[in-house]
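Novice: Below is a structure I'd like to ask you about.
A short reminder: the numbers here are calculations on the coordinates, not readings from a lab. What you see is a predicted model, and the numbers here were worked out from it, not measured in a lab. Backbone-built Cβ (ideal geometry, glycine too); neighbour counts: all protein chains shown.
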Amino acid sequence: MVEAFAPGKCILFGEHAVVYGHPAVALAIDQGVRVSLKKSEEWRIGGEKFDPFKHPHISHILHKIFYYNGEPLDIKIESQLFPAAGLGSSAALSNAIGAALHKMMKPNEKLDIVKLAKIGHSAEAAAQEGRASPTDTATSALGGCVVVSGEPVKGTEHIFNTELVTPEGKRSWSIYKSILPEKTDGIWLILGFTGESSPTGKMVAGVANLLSQVPSKKDEMEAINEITLKGLDALSKGNFEAVGLAMDECHEHLQNLNVSSDSLDRLVEAVRPYSLGAKMTGAGGGGCIVAISRNPQRVSEQIEIAGGIPMISKIGTKGVKII
Ligand code: MEV
């Protein structure tokens, strides 16, 4: 049997703006997806018959990347992530499957993390009609703090470039790693799930529509760009008070792009008195908020009181690993 684990992620700054070439900053989180593969008499997943159409990420990696034609596999998946909630659950699944298959098929070859991130991205694109940013798969593969940007970003290390042919044409991205401070000063990330899943494609299309009808909304993108760079600088210096302020500011601009929701705003308001900063994370319209705080238990209670489901993670979790 082979097993692998890949973490989920949360976007700290730059969601939506990244679609327009601005930078985004994402952090890997402790929670993720664990996959085990065992040779078997028949194809099975989660104790049931494996239907490739129900599992497009897995069948893409099995057949289009690894050209697997060995014995049938019994696939077990344990996910700690809320699905379609902005935490990168499908990216984590793709990376964990890719890493486990690599171990099974090439046991003596070292896992190439960049190659794995690209495999994960291609699986996401195949499952989402050719539209996917590499943010989730790169963050889950590399771990720590990942910056996705069209241009070099001060104080980061360039890791790889990637591109994708989408229905709207070819898109290119550069992936950077930002070094996190050694001491995170008792600071925790707290995620709060609204209980509502939200399709990324619909939210991205909504923003495109808003920008074409109200061109002045482009200023919101510029503002998010500035906040992202300011927030990243503060994060790399370990100035979490400034990171929190930047998160609060970022949430306001996301509200102005109509991607927050009543449930997201309710959770953000509920946690603010006990947090250094809080904002929605990911595509919005539902999904999750992220807060940073020295008092994660109190913030979690606030999320529960406001009707959400909390999850606590440290800052700077490692990336995908074969177990
Ligand atoms: C979704 O997690 C983040 C968005 O910026 C979309 C994307 O980056 O592809 C809304």
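Novice: In what sequence, highest mean first, do 66-79, 193-206 appear when ranked by Cβ atoms within 10 angstrom?
Specialist: Those peptides, ordered most packed to least, come out 193-206, 66-79.
Novice: What is the local net charge at residue 6, summed over the other residues whose Cβ is closer than 9 Å to its Cβ (Lys, Arg +1; Asp, Glu -1)? Display every interim value, and only then the final one.
Specialist: Details: positive: 34, 321; negative: none.
After counting each charged neighbour, the total is +2.
Novice: Mind ordering 207-213, 84-90 by average Cβ neighbours within 10 Å, highest first? Kindly include the intermediate steps, with their values, before the conclusion.
Specialist: Numbers: 207-213: 14.0, 84-90: 26.0.
So the peptides 207-213, 84-90, ranked by packing, come out 84-90, 207-213.
Novice: How many angstrom separate the Cα center of the stretch 209-261 from the Cα center of the stretch 83-144?
Specialist: 27
Novice: Now for a different question. Which lysines have a Cα less than 23 Å from the Cα of residue 202, not counting those fewer than 8 places away in the same chain?
Specialist: By straight Cα distance, residue 202 reaches 9, 54, 170, 217, 218, 279.
Novice: Hey, which aspartates and glutamates would be in cross-link range of residue 76, C-alpha to C-alpha under 16 Å, not counting anything within fewer than 8 residues on its own chain?
Specialist: 3, 41, 42, 48, 51
Novice: Out of 238, 282, 319, whose Cα points farthest toward the positive end of the dipole of the stretch 188-323 (charges: +1 Lys, Arg; -1 Asp, Glu; placed on Cβ)?
Specialist: Result: 319.
Novice: Right, here's the next one. Report the net charge of residues surrounding residue 96, where surrounding means a beta-carbon distance below 14 angstrom and charges are Lys +1, Arg +1, Asp -1, Glu -1.
Specialist: +2
Novice: Now, a different point. In degrees, nearest 10, range 0 to 90: what is the angle between the Cα axis of helix 240-256 and the longest Cα principal axis of the chain?
Specialist: 90
Novice: Just need the relative contact order of the chain here, percent rounded to a whole number, with Cα pairs under 8 Å and 6+ apart.
Specialist: Details: 752 pairs, mean separation 77.4, N = 323.
Computed value for the chain: 24 percent relative contact order.
Novice: By per-residue mean of other Cβ atoms within 10 Å, what is the highest-first order of 287-295, 305-313?
Specialist: Working: 287-295: 25.6, 305-313: 18.2.
So the peptides 287-295, 305-313, ranked by packing, come out 287-295, 305-313.
Novice: Kindly write out, for the stretch 81-94 in residue order, the coupling ³J(HN,Hα) from the Karplus curve 6.51 cos²θ - 1.76 cosθ + 1.60 (θ = phi - 60°), rounded to whole Hz, with x marking Gly and Pro.
Specialist: 9, 6, x, 6, 10, x, 9, x, 5, 6, 5, 5, 4, 4
Novice: Still on this structure, I have one more. Taking the Cβ of residue 44 as the center, what net charge do the other residues with Cβ under 10 Å away carry, scoring Lys and Arg +1 and Asp and Glu -1?
Specialist: Details: positive: 38, 49, 76; negative: 41, 42, 48, 74.
Net charge in that neighbourhood comes out at -1.
Novice: With a cut-off of at most 15 other beta carbons within 10 Å, and DSSP calling the residue loop, which trypsin sites (Lys or Arg not before Pro) in the stretch 83-191 qualify? Please list them. The partial results should precede the final answer.
Specialist: Working: sites: 103, 110, 115, 118, 131, 154, 170, 171, 177, 183; in loops: 110, 131, 154, 183.
Passing both the DSSP loop test and the Cβ count: 110, 154, 183.
Novice: Near residue 237, which aspartates and glutamates are there with a Cα under 20 Å away, not counting those fewer than 8 places off in the same chain?
Specialist: Reachable aspartates and glutamates: 157, 182, 185, 226, 248, 249.
Novice: Report, in degrees rounded to the nearest 10, the 0 to 90 angle that the Cα long axis of helix 262-271 makes with the longest principal axis of the chain.
Specialist: The helix 262-271 is inclined about 70 degrees to the chain.
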